[in-house]
Amino acid sequence: MAFLRDHADIRPSLEHLVTHDKHFKKIFTMDDVDAIPHSHRTISYESFARTIVGQQLSVKAAATIWGRVEALAKPFKPEALAVIDDATLRAAGLSGQKIVYLRGLSQAVIDKSFVPSKLKKLSDAEVIEAITALKGFGRWSAEMVLMFALARPDIFSGGDLGLREGLKRVLKLPERPTEKQSVTLAERWAGHRTAASLLLWQANHK
């Protein structure tokens, strides 16, 4: 498994933050960096399906449900998922809404109205525009793809509750910041915001 912490565009930022940032260096060592568990996903239909499954779930719950869904469609292709009935997908842990989103994604890939591999050539803003055109993919989902599949180095998601809780812990705030406040607070790590996000998520487990 490839880890995002080891990606060539992310690792230098992680090392910089735990060495020089006044907040992170009090909490983390390089050993902690080496324990960051997030995988670097390929930019593929599968990575988009996994993003849908993970919406509004904890990392652990998302991984459990994803494992069930992945096991149902082998190989994991849109054509394979399209023939699985709704009842089976619900039994795997998916809500009715997520089933609709997965079917929409699958059809878009099948008819080539959405081609994941083409996203690599787009800017961050263009990627967000292309992804949010899909039903069920809001800005948060697009930002997760930018981080975990495209490994863009300067992404922060103000809509992520885990990141906002991490900001509260790391910056010792009296309460969890709002989405707008968190985006402003994260500007201090401009250029390294993906690495900062990994550390903020990890801070919730310290």
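The values are calculated or read from the model by the stated rules, or taken from the named source; none is laboratory data. Quick caveat: nothing in here was measured; it's all calculated off a predicted structure. Cβ: placed from backbone, ideal geometry, glycine included. Neighbour counts: every protein chain shown.
The figures follow:
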item: Subset of the range 91-112 that is hydrophobic (A, V, I, L, M, F, W, C) and surrounded by 16 or more Cβ atoms within 10 Å (Cβ to Cβ) - its residue that is nearest to GLU79 (Cα to Cα); result: VAL109
item: Within the range 186-206, tally of residues that are farther than 15 Å from LYS25 by Cα, in a helix (DSSP H, G or I) and touching a Lys or Arg at 6+ places or on another chain (Cβ under 9 Å); result: 3
item: Test: residue in the range 83-90 that is surrounded by fewer than 21 Cβ atoms within 10 Å (Cβ to Cβ), in a helix (DSSP H, G or I), of a type in the set (A, V, I, L, M, F, W, C) and in contact with an Asp or Glu (Cβ under 8 Å, 6 or more places away or on another chain); result: no
item: Flag for PHE48 being at pLDDT 95 or above and under 20 Å from ASP160 (Cβ atoms); result: no
item: Residues satisfying the stated conditions in the range 39-63, i.e. of a type in the set (Val, Ile, Thr), surrounded by 15 or more Cβ atoms within 10 Å (Cβ to Cβ) and closer than 26 Å to HIS205 by Cβ; result: THR51, ILE52, VAL53
item: Residue within the range 102-125 that is more than 23 Å from HIS40 (Cβ to Cβ), out of contact with any Phe, Trp or Tyr (no Cβ under 9 Å at 6 or more places or on another chain) and of a type in the set (Asp, Glu) present; result: yes
item: Elements of type helices (runs of 4 or more DSSP H) contained in the range 1-54, each with 1 or more residues being basic (Lys, Arg); result: 11-20, 45-54
